[in-house]
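Comments concern the structure below.
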Amino acid sequence: MANSEFDTIAAISTPVGEGGISIIRISGDEAIEVAKKLYHGSKDLAKVATNTINYGHIVDPDSGTEVDEVMVSIMRAPHTYTREDVVEINCHGGLLATNRILQLTLSHGARLAEPGEFTKRAFLNGRLDLSQSEAVMDLIRAKTDKSMKVALNQLDGDLSRLIKALRKDILDVLAQVEVNIDYPEYDAVEEMTTKMLKEKAQEVQQRIQALLKTAKQGKVLRDGLATAIIGRPNVGKSSLLNTLLHEDKAIVTNVAGTTRDVIEEYVNVEGVPLKLIDTAGIRHTEDTVEKIGVERSRQAIDTADLVLLLIDSSNPLTDEDRDLIKLTAGKPRIVILNKTDLENKIDLDELGQLINGDRIIKTSIVEHQGMEELGEAISHMFFDEGIESSQNTVMVTNARHIGLLHQANDALNDVLSGIAAGMPVDLVQIDMTRCWELLGEITGDSYQDELLDQLFSQFCLGK
Amino acid sequence: MQISQGKPFDAGSFDVIIVGAGHAGSEAALAAARMGNKTLLLTISLEMVAFMPCNPSVGGPAKGIVVREIDALGGEMGHNIDKTYVQMRMLNTGKGPAVRALRAQADKHAYHRAMKQTMEETPNLTLRQATVDQLVVEDGACKGVITNTGARYFAKAVVLATGTAARGKIIIGELMYESGPNNTQSATKLSENLEELGFDLQRFKTGTPPRINGNTIDYSVTEEQPGDEKPHHFSFDTPDSQYISVSDQISCWLTYTNPTTHQIIRDNLDRAPMFTGVIEGVGPRYCPSIEDKIVRFADKDRHQVFLEPEGRDTDEWYVDGMSTSMPEEIQEKMLHSVKGLEHAKLMRPGYAIEYDVVAPYQLHPTLETKLIKNLFTAGQTNGTSGYEEAAGQGLIAGINAGLRAQGKGPFVLKRSDAYIGVMIDDLVTKGTKEPYRLLTSRAEYRLILRHDNADLRLMEKGHAIGLVSDERLAKMEHKKALVEAEIARLKKIRIKPANEAANNLIEAHGDNPLKDAIAAADFLKRPYVDYQTLMELIPDPDEPLSREVIEQVEIQLKYEGYIKKEEVKVERLKRMEAKKIPADLDYSAIDGLATEGRQKLEKIRPETLAQASRISGVNPADLAILSVYLRQGRLAKLKD
């Protein structure tokens, strides 16, 4: 179905990559509902007064992981820019967090705003006057042309081919179900059962999830993988940092945060760009040997995509070690057993149990032992088969595409749960069709006649 | 062919005139007359009233739902087939409720007679045999018609439902002649008149298979397809007690073509009008001729052939699946190559027929033409195929012609209201390149548009127009109340973990035992539970419920989640439907529309933003600009 001007829409409303704060704006009937699904805080967003700012966190409802610390502004219709309910999520920025929040809104009820759509709504709902309307129309046309070019560029040939192949496979299934329905006596086509549909849905879902995984990789390659180096004092964090920086001087950059005393440093390890978080904190604490650990680390862990947890093998595990192991559980994590040049005093069995099967790399950072293994482990974690093959992989990077793929994935979940609940094939097919339409929005071919064309070209129908 | 013209004379005034008495014309005439309009129905031949020139059956997927919709709105098709069927079958019983489909084999002569009699007995309705040559048009409005006898009839609204008679041409092998369906006269002058008036006409083609003598079929080598034991009917008003027992129904029989049949056809393709370039009209893909099937699907070594009775008082049988326009001698050879038909006697050869169609983008959703006011078109004239599609449009055209004659506002069904709404919206928004047939896949809300709830969806609308009596409406409302009460009851009753019967059932199906009490309504959602099973676990309702009520309760509860999801989509669409576009909008004055979008909008002239969004070639930016422009217009008006 075509986009409706009554959909709830969302977009990043601050210039990307500029400034320390980013704003994701949501507008429409369901704006507050969408935000509510993602917001964890002391207040119920559905009940707070209009024009209030609410502190809290954005949490991915599916995985339960925290994305960012945010301030959420609730502005209720009609006294808003669009005259609809408007929610603005202010986050600390960083492309990664901002994009993830946007994507969460897109997979939880909003759709990505068309170019100029907030302004268009403002006008349609009577917020702007006649003299401004010409400008609005110019804006829509100009932005549409521009965004079409951008979208076309972003929809690279390989992705387009992949999506089209997926849609073709789904279409075969849909057509078969339709034939069963509209030509129940036609004997030359097998009756599509929910069992067959289930197999197909699972297969398609695997392919979509593989694409979504590349979305993550694509993002990683562009923004850097937020990496926290964690460990109690004197475990070797500073050495690790310096070693990483030293080994890849060419692309080290320093980016000073504007609002907080945080320095992010970029380094490329085995083709994976890492954005090292709170490197200032590492230096600071290592230098002064102050009692920290947990509190400061917690912040870094929260925003990290990857945790490098350092443990000193020349000393038995301390309570602080155990706390940090607990704190980083659930995050993609590599445990680095450092100081192998010294005598091992650690109970490896206990450590193995505590970290629950996560990968351990033994290093002696001062002697440059184990750095290669560490690099490979990082690369393996994100590319499964190593960086070389991933360069040939299709990358999904466009937020709209990612949002649609997530929705398509959700539709397939509905297919599977319908089948599990014993629903008949024609009902389950409703969600299969939705998946097909959503994928069509990526390539721009949601055209209903396709199905009929398929029906009549593939099957010899009619009495 | 007409040789001379009758002398003109004034023959009277009516509120509504219907031209053509096929399935569209019959519904249109009855609707207009029952709404209290003085109505005239003109037909080339009174023997052709509600005649079935092609397959003798009514209903099937999507089409069966249309029959129920017609019935709910106060049309006749459901009553008429319930009076005259020879076999009744529910199709798709293994699938969900939305796609179950009732189909009847009709006694084609009885069907014709019953419909004709109903019309003869209807007050305000005059049937007259005549060929309409010309429309009376003044100041862009239709004022009446002129027939070949010279009779000039005046009316406030006119409905054209001319079917394949419109410049009809029958083709059998090398033979070609002017003819309407079943060798009746064709109407040539009316098409010429429509062209003069500026209408864009398309040329379509359809066809029909040969008829054979049933006494010469060897049924023993074919497969029997009997009707259903369980009672069914199309009309809300027909009681189960009137159901004809299976032993008194007539079965259909299934056989197949074979490589010999296909070879005969291939050897004679040089004589097949489909392939020699003789046929100009576009045929339907979903109903191809047998020669078309063999050419397009060359790898298939057999095709199904259904033998269907044409009625109780005839031995003519319809050879479904072998629609053809091959020469007569080849048709005989083809038939004789089929198992069971070795000695079949051909009674009528199959034929192709070409006819004129008013390209349907020229219509409003009321089926009034945009070009000429008070002129409506329906049925095959609008490019559809099928009796049910025709009847559905006939009903809507008849209602709107009747409303117009009474000076009342239009009646339009939305895509979310009915399959009839889907069909008409498709026709007027997209037009059609081939004869249009309804398919369930054309409906985006098919779970809402079920055959079992047509009465609940539409009867109130039929009542508001005056086609459904108070008594009939009350009966439906009583049913609705019973359904709602039972659903409320089942939501209240809880099945506790201590319920032994429930536990046995759960165990028998390998399900997990109940931990907490569960509402009976939720328990019904389990795949192994139906209403009858549920009643073994909980008390019965105070009064016994009819099978229709139980069916509703079951469907509404079992599929609640899916139904709700579709209802949300419908609600969203409604807001787009509410954004009207003025009929006289000057699209050339809107800056920024893309060329293709502008051309399409000018051609279709959508009535709402929602309709505009369904036009292919109108992109989201065009829609955005259009809605901004409309808002601008309203502001400008406020300023004035």
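The values are calculated or read from the model by the stated rules, or taken from the named source; none is laboratory data. Nothing here was measured: the structure is a model prediction, and the numbers come from that model. Positions of Cβ are backbone-derived with ideal geometry, glycine not excepted, and every protein chain shown enters the neighbour counts. Each accessible area value is taken on the protein alone, full model and side chains, heavy atoms only, with ligands, DNA and RNA left out. Shrake-Rupley method; radii C 1.70, N 1.55, O 1.52, S 1.80 Å.
Please turn the phi angles of segment B:594-604 into ³J(HN,Hα) values with the Karplus equation 6.51 cos²θ - 1.76 cosθ + 1.60 (θ = phi - 60°), one per residue in order, whole Hz, x for glycine and proline.
Here the 3J(HN,Hα) series is 5, 4, 5, x, 4, 4, 5, 5, 5, 6, 7 Hz.
Using a 7 Å offset from the Cα along the Cα-to-Cβ direction at both B:Arg547 and B:Glu507, what is the distance between the two label points in nm, to one decimal?
Using points 7 Å along Cα→Cβ, the separation is 3.4 nm.
Report the label-to-label distance for A:Arg322 and B:Asp10 in nanometres (one decimal), using points 7 Å from each Cα along the Cα→Cβ vector.
Label-label distance for A:Arg322 and B:Asp10, simple model: 10.9 nm.
What is the P(r) of segment B:517-640, as percent of Cα-Cα pairs per 5 Å bin from 0?
2, 9, 15, 14, 9, 7, 6, 6, 7, 8, 8, 7, 3, 1, 0
Across segment A:26-111, what fraction of all alpha-carbon pairs, as a whole percent, falls in each successive 5 Å bin from zero upward?
3, 17, 28, 26, 18, 7, 1, 0
Can you tell me what the convex hull of the Cα atoms of segment A:298-375 projects to on average, as an area in nm²?
On the way: hull surface 20.4 nm².
Computing the convex hull of the Cα atoms and averaging its projections yields 5.1 nm².
Compute the accessible area of each residue in segment A:177-195 twice, once for its chain alone and once with every protein chain present, using a 1.4 Å probe on heavy atoms, and list those whose area falls by at least 50 Å².
Buried-area filter returns A:Ile181, A:Asp182, A:Pro184, A:Glu185, A:Asp187.
At 222 nm, what helix-only mean residue ellipticity would chain B give, in deg cm²/dmol to the nearest 500, using -39500 (n - 2.57) for each DSSP H run of four or more?
Numbers: 21 runs with 231 residues, N = 640.
One gets -11000 deg cm²/dmol as the mean residue ellipticity at 222 nm.
On average, how many beta carbons from a partner chain sit within 10 Å of the beta carbon of a residue in B:438-445? Can you show the working numbers first?
Working: counts 1, 9, 4, 13, 5, 0, 5, 1.
Averaged over the peptide's residues, the number is 5.
To the nearest 10 Å², what's B:Val570's accessible area with a 1.4 Å probe?
10 Å²
Given +1 on the Cβ of Lys and Arg, -1 on the Cβ of Asp and Glu, and no further charges, what dipole in debye does segment B:549-590 carry about its Cα centre, rounded to the nearest 20? Write out the running numbers ahead of the final one.
Values: 9 positive and 9 negative charges, 45 e Å.
The dipole of segment B:549-590 has a size of about 220 debye.
At 0.36 nm per residue, minus the direct Cα-Cα distance, what do A:Glu372 and A:Val48 gain on full extension? Give it in nm, one decimal, please.
Values: separation 324, 0.36 × 324 = 116.64 nm, distance 5.28 nm.
My answer for the length gained is 111.4 nm.
Please report the net charge: other residues with Cβ closer than 13 Å to the Cβ of B:Ser191, K and R +1, D and E -1. Show your work: numbers first, answer last.
Values: positive: B:Arg167, B:Lys169, B:Lys189, B:Arg203; negative: B:Asp133, B:Glu178, B:Glu192, B:Glu195, B:Glu196, B:Asp200, B:Glu354, B:Asp356.
Around B:Ser191, the charge tally is -4.
If r is the Cβ-Cβ distance from A:Met71 to B:Lys230 and R0 is 60 Å, what FRET efficiency results, to the nearest 0.05? Let's see the in-between values first.
Details: r = 64 Å, r/R0 = 1.06.
The value I calculate is 0.40.
Let me check I have the definition right: for segment B:195-329, take the eigenvalues of the Cα gyration tensor, multiply each by 5, take square roots. What are those semi-axes in whole Å, largest first? Display every interim value, and only then the final one.
Numbers: eigenvalues 216, 116, 35 Å².
Listed largest to smallest, the semi-axes of segment B:195-329 are 33, 24, 13 Å.
For segment B:221-319, with the dipole built from +1 on Lys and Arg beta-carbon atoms and -1 on Asp and Glu ones, taken about the Cα centre, which of B:Asn268, B:Gln304, B:Val246 lies farthest toward the positive end?
B:Asn268
Suppose R0 equals 30 Å; then what is the FRET efficiency for B:Met347 and B:Glu280 from their Cβ-Cβ distance, rounded to the nearest 0.05? The partial results should precede the final answer.
On the way: r = 29 Å, r/R0 = 0.96.
The formula returns an efficiency of 0.55 here.
Got a sec? Charge dipole of chain B, +1 on Cβ for Lys and Arg, -1 for Asp and Glu; which of B:Ile172, B:Ser26, B:Val412 is way out at the positive end?
It is B:Val412, whose Cα lies furthest towards the positive end.
Given 37 °C and 0.692 mPa s, compute D for segment B:420-558 with the Stokes-Einstein relation, Rh being the Kirkwood radius over Cα pairs; round to the nearest whole µm²/s. Don't skip to the end; give the middle numbers.
On the way: Rh = 17.9 Å.
Roughly 183 µm²/s, to the nearest whole number.
In whole Hz, what ³J(HN,Hα) sequence does segment B:111-127 give by Karplus (6.51, -1.76, 1.60; θ = phi - 60°), x for Gly and Pro?
Working through the residues one at a time gives 4, 4, 5, 5, 5, 4, 5, 4, 5, 4, 8, 7, x, 6, 10, 10, 9 Hz.
May I ask you to rank B:His364, B:His233 by accessible area, largest first, using a 1.4 Å probe over the protein chains only? Don't skip to the end; give the middle numbers.
Values: B:His364 50, B:His233 20 Å².
Descending order: B:His364, B:His233.
Rounding to the nearest 20 debye, state how big the charge dipole of segment B:154-312 is about its Cα centre with +1 on each Lys and Arg Cβ and -1 on each Asp and Glu Cβ. Kindly include the intermediate steps, with their values, before the conclusion.
On the way: 16 positive and 23 negative charges, 90 e Å.
Approximately 440 debye in magnitude.
With a 1.4 Å probe and all protein chains left in place, how much of the accessible area of the protein assembly as shown comes from carbon and sulfur atoms, in whole percent? Walk me through the numbers before you get to the answer.
Details: 22310 of 45020 Å².
Summing carbon and sulfur atoms, their accessible area is 50 percent of the total for the protein assembly as shown.
Quote the total accessible area buried by chains A and B together, excluding ligands, DNA and RNA, probe 1.4 Å, nearest 100 Å². Intermediate results must be reported in sequence, preceding the final value.
Values: alone 23050 and 27460 Å², together 45020 Å².
Chains A and B together bury roughly 5500 Å² of accessible area.
Using only Cα atoms, what Kirkwood radius does chain B have, in angstroms? Present the calculation step by step, with values, prior to reporting the outcome.
Details: mean 1/r = 0.0376 Å⁻¹.
The answer is 26.6 Å.
Dipole magnitude of the protein assembly as shown about its Cα centre, charges +1 at Lys/Arg Cβ and -1 at Asp/Glu Cβ only, in debye to the nearest 20?
Working: 129 positive and 164 negative charges, 604 e Å.
With Lys and Arg at +1 and Asp and Glu at -1, about 2900 debye.
Round to the nearest 0.05 the FRET efficiency obtained for A:Leu245 and A:Asp62 when R0 = 41 Å and r is the Cβ-Cβ distance. Walk me through the intermediate numbers first.
Details: r = 35 Å, r/R0 = 0.86.
With a Förster radius of 41 Å, E is 0.70.
If you take the charge dipole of the protein assembly as shown about its Cα centre, with +1 on Lys and Arg Cβ and -1 on Asp and Glu Cβ, which of B:Thr324, A:Val415, A:Ser107 is farthest toward its positive end?
Among B:Thr324, A:Val415, A:Ser107, the one farthest towards the positive end of the dipole of the protein assembly as shown is B:Thr324.
Divide, for segment B:390-436, the radius of gyration over alpha carbons by 2.2 N^0.38 Å, where N is the residue count.
Values: Rg = 11.6 Å, N = 47, 2.2 N^0.38 = 9.5 Å.
Here the Cα radius of gyration is 1.22 times the empirical estimate.
Using the Karplus equation 6.51 cos²θ - 1.76 cosθ + 1.60 (θ = phi - 60°), what ³J(HN,Hα) coupling, rounded to whole Hz, does each residue of segment B:554-570 give in order, writing x for Gly and Pro?
With the stated coefficients, segment B:554-570 comes to 4, 5, 5, 7, 4, 10, 3, x, 5, 4, 4, 4, 5, 5, 4, 4, 4 Hz.
If a paramagnetic tag sat 7 Å from the Cα of B:Asp248 along the Cα-Cβ line, which residues of segment B:87-117 would have the backbone N under 16 Å from that point?
Answer for segment B:87-117: B:87-88, B:107.
Report the dimensions of segment B:394-494 along its three principal axes from the alpha-carbon atoms, largest first, rounded to Å.
Each principal axis gives a Cα extent; for segment B:394-494 these are 55, 36, 17 Å.
Determine which residues of segment B:562-596 fall in the zone a paramagnetic label at B:Ser616 would reach in this model, i.e. backbone nitrogen under 20 Å from the point 7 Å along Cα→Cβ.
The answer is B:594-596, whose backbone nitrogens lie closer than 20 Å to the label point.
Give a quick list of trypsin sites (Lys or Arg not before Pro) in segment B:273-333 that DSSP marks as loop, anything other than H, G, I, E or B, with at most 16 other Cβ atoms within 10 Å. Don't skip to the end; give the middle numbers.
Details: sites: B:Arg285, B:Lys293, B:Arg296, B:Lys300, B:Arg302, B:Arg312, B:Lys333; in loops: B:Arg285, B:Lys300, B:Arg302, B:Arg312.
Taking segment B:273-333 and a limit of 16 other Cβ atoms within 10 Å, the loop trypsin sites (Lys or Arg not before Pro) found are B:Lys300, B:Arg302, B:Arg312.
Using all alpha carbons of segment B:1-113, what is the percent of pairwise distances in each 10 Å bin, ordered from the shortest bin to the longest?
Per 10 Å bin, starting at zero, the Cα-Cα P(r) for segment B:1-113 comes out as 13, 35, 29, 15, 6, 2, 0 percent.
Determine which residues of segment B:85-107 fall in the zone a paramagnetic label at B:Gln532 would reach in this model, i.e. backbone nitrogen under 16 Å from the point 7 Å along Cα→Cβ.
It comes to B:94, nothing else.
Quick one: divide the alpha-carbon radius of gyration of segment B:351-427 by 2.2 N^0.38 Å and tell me what you get. Before the final figure, lay out the partial values.
Values: Rg = 12.3 Å, N = 77, 2.2 N^0.38 = 11.5 Å.
In units of the globular-protein estimate, segment B:351-427 measures up at 1.08.
Step by step: find N for the protein assembly as shown, compute 2.2 N^0.38 Å, then divide the Cα radius of gyration by it. What's the final number?
Values: Rg = 35.2 Å, N = 1103, 2.2 N^0.38 = 31.5 Å.
So the protein assembly as shown has a normalised radius of gyration of 1.12.
Per residue, what accessible area does the protein assembly as shown have, given a 1.4 Å probe and all protein chains present, in Å²? Let's see the in-between values first.
Values: 45020 Å² over 1103 residues.
Counting only protein heavy atoms, the per-residue value for the protein assembly as shown is 41 Å².
Order B:Lys63, B:Lys373, B:Lys230, most accessible first, counting only protein heavy atoms with a 1.4 angstrom probe.
Working: B:Lys63 25, B:Lys373 120, B:Lys230 140 Å².
So, going from the largest accessible area down, we get B:Lys230, B:Lys373, B:Lys63.
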